[in-house]
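J.: Mind looking over this structure? Questions follow.
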Amino acid sequence: MKDHLAAAAIGRAKAALDVIDVAVSGGRPRIEDDPARGFRSFGDFARVVRSEGTNFANPSDERLRIGAAVPTTFGSELSGVDAGFAVPAQFANEIWTYAGTEDALLPFTDNVSVTSNSMIFPKDETTPWGADGPRAYWQAEAAAGTQTKPKLGTATLRLLKLMAFVPITDELASDAPAMATYLPRRVGAHIRWRANEAILFGTGNGTPLGALVGGAAITVAKESGQATATFDPNNFRKMVGRMPPGSYSRAVWLLGPDTLAPLLGVNFGSFFLDDIDADDELPPGLAGPVFKMLGRPVYESQHTSPFSSQGDVTLVDLSYYTTISPGAGIDVATSMHLWFDLDVEAYRITFRMDGRPKIVAPLVQAKGSNTLSPFVQLGAR
């Protein structure tokens with residue numbers, strides 16, 4: 001009898017707590033306010049999805065009913081059927097964290113979060129000393145003003161899709177710690193790699209237009225008589241001299257490992273190469289710089305060209321590069337039905353972005369002969 005009374009009391013207490021939960025959350029279950037949807041980890045979520053089989057319409061675990069998607073009638077550009085469970089926001093953010101840290105270039109760009117599929121930017125490539133755009137003139141007293149007008153264009157960025165489609169075996173899915181560690185790190189790292197490559201070298205055809213591919217990039221030629229596979233201090237001095245005013249204080253050097261080694265073997269003097277100090281202000285987004293060269297941080301990158309070929313050393317100010325991306329970052333979904341007979345579930349991770357340089361050609365100086373650009377690379381030697 002006491003057991004029955006205790007069970008009844010526990011039931012009434014639980015019901016009261018449920019009422020309080022619903023009242024506090026404005027009539028919605030509190031689980032909807034939990035970005036992890038009640039799961040302890042990403043591995044815990046993957047294990048529960050696996051146990052449900054293809055029961056997408058009415059999963060036994062209530063945590064999966066939030067965000068579950070089973071399309072019945074839908075339109076698409078390709079034929080096929082898709083169904084599955086949306087991955088809770090917290091675990092999608094974990095993948096986005098790995099994609100946006102360490103050696104990511106996206107934080108260096110002028111990034112705009114968008115809620116629509118595209119964005120149109122007004123564009124003004126005139127300079128204060130040029131012959132176009134709004135200009136100011138000294139005027140005599142009571143003299144009529146000289147009329148000028150803006151010279152504006154537009155640049156349209158449309159979100160492009162970068163997708164990772166990852167099959168996971170039943171064995172890996174059942175191992176929650178392995179899943180929680182493996183998938184976010186591996187997928188995040190590859191998204192980061194692809195985004196970086198596109199920001200620097202994208203063709204603009206189904207990918208962003210890269211900073212070093214567009215017409216604004218400048219290549220500094222080797223010195224007269226410079227031997228093959230060597231460095232000359234003037235290589236770097238001239239690269240600095242081709243940057244627009246204000247850019248160098250934001251610029252970073254990018255060099256590959258095979259380029260760093262011979263550079264460190266050259267004695268350019270202490271003013272040329274310097275260590276990173278604790279009080280140095282470093283831009284966000286990349287892993288720790290190796291050292292400073294001519295006052296700016298040097299980062300090791302796998303995106304630069306092989307040693308002694310064009311682009312093995314680059315100097316970039318990516319604030320001159322515009323990107324758009326969704327505010328939500330990464331979108332993740334999973335489905336078990338695709339390879340159900342193989343005990344394999346599929347994870348689909350997508351990230352959408354677009355980008356292009358803010359200028360289409362190098363800048364002409366007011367009183368100098370060389371053109372200037374925020375995207376400078378060293379020529380082949």
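J.: Amide H of V112: which non-local residues (sequence gap of 5 or more, or other chain) have their own amide H closer than 5 Å, using H built in the peptide plane?
T.: T323, I324, S325
J.: Then there's this: Could I have the simple spin-label model distance between K149 and T127, label points 7 Å from Cα toward Cβ, reported in nm to one decimal?
T.: Reported label-point gap for K149 and T127 is 2.4 nm.
J.: Show me, for segment 203-213, the HN-Hα J-couplings you get by feeding each phi into the Karplus relation (A = 6.51, B = -1.76, C = 1.60, θ = phi - 60°), rounded to Hz, glycine and proline as x.
T.: Using θ = phi - 60°, the values come out as 7, x, 10, x, 9, x, 8, x, 4, 8, 9 Hz.
J.: For segment 290-305, take each phi angle, set θ = phi - 60°, evaluate the Karplus expression 6.51 cos²θ - 1.76 cosθ + 1.60, and give the result in whole Hz per residue in order, putting x for glycine and proline.
T.: Rounded to whole hertz, the list is 6, 6, 10, 10, 6, x, 10, x, 9, 10, 7, 9, 8, 9, 7, 6.
J.: Continuing with this model, one more query. In terms of modelled amide H atoms, which long-range or inter-chain residues lie less than 5 Å from the amide H of D132?
T.: For D132, the qualifying residues are T127.
J.: Further question: Apply the Karplus curve 6.51 cos²θ - 1.76 cosθ + 1.60, θ = phi - 60°, to the phi angles in segment 337-352 and return the couplings in whole Hz, x for Gly and Pro.
T.: Values per residue, Gly and Pro as x: 6, 4, 10, 4, 6, 9, 6, 10, 10, 10, 10, 10, 10, 10, 9, 10 Hz.
J.: Could you give the Stokes-Einstein D for segment 134-278 in µm² per second, using the C-alpha Kirkwood radius, 10 °C, 1.306 mPa s? Please report the intermediate quantities before stating the final value.
T.: On the way: Rh = 21.5 Å.
The estimated diffusion coefficient comes to 74 µm²/s.
J.: Still on this structure, I have one more. When the chain is fully extended, how far beyond the present Cα-Cα distance does S113 get from A142, taking 0.36 nm per residue of separation?
T.: The S113-A142 span can extend by a further 5.6 nm.
J.: Listed here are the pairs K149/K222; K222/K367; K149/K367; K123/K292; which of them are more than 30 Å apart at the Cα?
T.: Working: K149/K222 41 Å; K222/K367 24 Å; K149/K367 23 Å; K123/K292 34 Å.
From K149/K222; K222/K367; K149/K367; K123/K292, over 30 Å: K149/K222; K123/K292.
Rule-based calculations on the coordinates, nothing more; no lab input. The structure displayed is predicted, hence computed values, not measured ones. Cβ atoms come from the backbone with ideal geometry, glycine included; neighbour counts cover every protein chain shown.
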